[in-house]
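J.: Just dropping this structure here.
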Amino acid sequence: VVCDPEDYDQVADMIAVNGGSDQALGSTYQSIYVGVGGDIVVTLATSGSDFTFKNVASGQLLPIQVTHVKANNTTATNMIALKAW
């Protein structure tokens, strides 16, 4: 399930995504904002599988439901996980 970007006019929660270690987000977040581009490895909420997004641009909002951001092979930084109402 992908959230409509219009849903983000009212963000319910957000969390900074740290680099350098695996990060369990504690619940399902509906998107990842990428401050500085690169590769991002996440655990998808719907399947529980890890997936790599290659060469994501700086300033991009990925509308994906995730539960974890993995350190191994993630090169993007300054990320924020967002949850809509």
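Rule-based calculations on the coordinates, nothing more; no lab input. Keep in mind that what you see is a predicted model, and the values were worked out from it rather than measured.
J.: Quick one: length gained pulling Asp13 to Ser27 fully straight, 0.36 nm per residue minus the C-alpha distance?
T.: Fully extending the segment from Asp13 to Ser27 adds 4.0 nm.
J.: Same structure again: Return the Rg/Rh ratio of the stretch 11-85 with Cα-based radii and a Kirkwood Rh.
T.: Result: Rg/Rh = 0.91.
J.: Another question, then. Quick one: grab the alpha carbon gyration tensor of the stretch 22-62, order the square roots of its eigenvalues as a ≥ b ≥ c, and give me rounded if a/c is under 1.5, else prolate or oblate depending on whether a/b is larger than b/c.
T.: Verdict is prolate for the stretch 22-62.
J.: Tell me, what HN-Hα J-couplings in whole Hz come from the Karplus equation 6.51 cos²θ - 1.76 cosθ + 1.60 at θ = phi - 60° for each residue of the stretch 34-45, using x for Gly and Pro?
T.: After applying 6.51 cos²θ - 1.76 cosθ + 1.60, I find 10, x, 10, x, x, 8, 9, 10, 10, 9, 6, 5 Hz.
J.: How much length would be gained if the chain were fully extended between Leu61 and Thr77, taking 0.36 nm per residue of separation minus their Cα-Cα distance, in nm to one decimal?
T.: Net length gain for the segment: 4.4 nm.
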